[in-house]
């Protein structure tokens, strides 16, 4: 089992307070994650502040562009992978993105994992791409993945889709990795299908082991119909983590966090009818033994990589403390040679 840490690139105002992490703090999280034996760090991607965040906070959040952030963090690390969770493909042209990612893979020594998806907030897509409001974001993601794969693998790449077109692009250098891993992010059926048919992994969020297991069966079926080996498609769910010495301590820490406040606020907006108790039960919130048991459930469901773990905290110091507690008390029970290969 592999474990990854969420890098606080674009989470202020949502999962964490404003302010939360300055650039030096983001680098510190990456360096500490490598020291503690995590497999990857994973940053998310936002271009503009969401409406509900603007209403909640008097000051705007700092959203750090993930690829540039990784380039800086790479100079202070040697082995940890840099995963995006997720790059919002509808907001980026595939030729420019391919050039950035290939360059980053070269400079990091082949440490890039590219998670892509439609993005959580349609309002952000419409703000940055108003001319494309009528275009389904899923269509742009599928064309974007196909474009990236051509650009990464063909000497001269040409693509004529409904929304993206480019001719005879000779893009070098290619990524250092012979196959740069692309993960399809999201819980929707289209995300699962894209993972099965086109990608090296699937990146869901906030899904319990039972739903992961059911989705895995469908993923295997989609892959088989496309002539691919579905068992080779990695399943890497993202979860919230709050480990306590006791279950009561973990719940207390969770309920005093900005993560909890964030979820309460979403009950009035994008997550009407959302059940926080159910959410807690499927995430890694509890005592050390409870968290280990929860991880076992995800492993049995087919997950091999818990990516971008979001540690509950209201400060970077608390975040680092949670990272260390998890690394020392939970990870050793699941680590093997494959986890650090």
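Values quoted throughout were computed directly from the atomic coordinates according to the rules given, and no laboratory measurement underlies them. Just so you know, these numbers come straight off a predicted model, no measurement behind them. Using ideal geometry, Cβ is built from the backbone for each residue, glycine included, and neighbour counts are taken over all protein chains shown.
So the values come out like this:
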| read-out | value |
| --- | --- |
| Structure-based [θ]222 nm, the chain - -39500 (n - 2.57) summed over DSSP H runs of at least 4, per residue, nearest 500 | -13000 deg cm²/dmol |
| Between 0 and 90°, nearest 10: helix 288-301 axis offset from the chain longest Cα axis | 30 |
| The chain: angle of helix 94-107 to the longest principal axis, Cα-based, in degrees nearest 10 | 60 |
| Helix 316-329 axis, angle to the chain major axis (alpha carbon atoms, nearest 10°) | 90 |
| Intensity falloff of the stretch 170-238 expressed as log10 I(q)/I(0), Debye formula with alpha-carbon point scatterers, at q = 0.13, 0.17, 0.19 Å⁻¹ | -0.37, -0.58, -0.68 |
| Gyration tensor (Cα) of the stretch 80-172, equivalent ellipsoid semi-axes in angstrom | 23, 18, 9 |
| Rg in Å to one decimal, and Dmax rounded to a whole Å, for the stretch 1-151 via C-alpha atoms | 15.7, 46 |
| Peptides 250-256, 158-164 ordered by average Cβ neighbours within 10 Å, highest first | 250-256, 158-164 |
| Answer label for Cα extents along the principal axes in Å (calculated), chosen among [x] 60, 47, 40; [y] 53, 42, 39; [z] 71, 45, 37 | [x] |
| Computed log₁₀ I(q)/I(0) - Debye formula, equal Cα scatterers, no solvent, the stretch 69-113, q 0.13, 0.14, 0.16, 0.28 Å⁻¹ | -0.28, -0.32, -0.42, -1.08 |
| Kirkwood Rh, Cα atoms: Rg over Rh of the stretch 16-55 | 1.08 |
| Packing-based ranking, highest mean first, of 51-58, 310-317 given that Cβ atoms within 10 Å are counted | 310-317, 51-58 |
